[in-house]
Amino acid sequence: MADHNFAYDLTLDEVRRRSAVVAALGDDWDPVAVLAEEELAYDMLYSNLDDEQQRIYDELVQAGVLPDRATRNFAD
């Protein structure tokens, strides 16, 4: 039985996919604003934790599961 090697270049399909995503986002999509809103959502999510929740959060940060939000770099 002969081995058959096939190759398929996905470059054109990837370009088509990315173009479709950007078109679906529309002209009013603002990635900077989206990231700022995401940061605000995380700030709200991790605020007002009780002692047990804070302990678990700290363990997850120390283990590298969650990023350390206390050391974030804020742009002016």
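In Å², what does the accessible area per residue of the chain work out to with a 1.4 Å probe?
On the way: 7220 Å² over 76 residues.
So the chain comes to 95 Å² accessible per residue, rounded to a whole number.
Listed values [x] 92; [y] 148; [z] 228 include one computed from this model; for volume of the Cα convex hull per residue in Å³ that value carries the label [z]. Restricting attention to region 1-69, which chymotrypsin sites (Phe, Trp or Tyr not before Pro) occupy a DSSP loop and are surrounded by at most 15 other Cβ atoms within 10 Å? Passing both the DSSP loop test and the Cβ count: PHE6, TYR8, TRP29, TYR46. On region 1-49, 60 percent of the accessible area sits on carbon and sulfur atoms, based on a 1.4 Å probe. In sequence order, region 34-43 has phi-based couplings of 4, 5, 5, 5, 5, 4, 4, 5, 5, 4 Hz under the Karplus curve 6.51 cos²θ - 1.76 cosθ + 1.60, θ = phi - 60°, and Gly or Pro positions carry x.
The values are calculated or read from the model by the stated rules, or taken from the named source; none is laboratory data. Computed from a prediction, not measured in an experiment: that's the story for all the values here. Every residue, glycine among them, receives a Cβ derived from its backbone with ideal geometry; neighbour counts consider all protein chains shown. The protein model used for the area step is the full one, side chains on, heavy atoms only, and it has no ligands, DNA or RNA in it. Shrake-Rupley method; radii C 1.70, N 1.55, O 1.52, S 1.80 Å.
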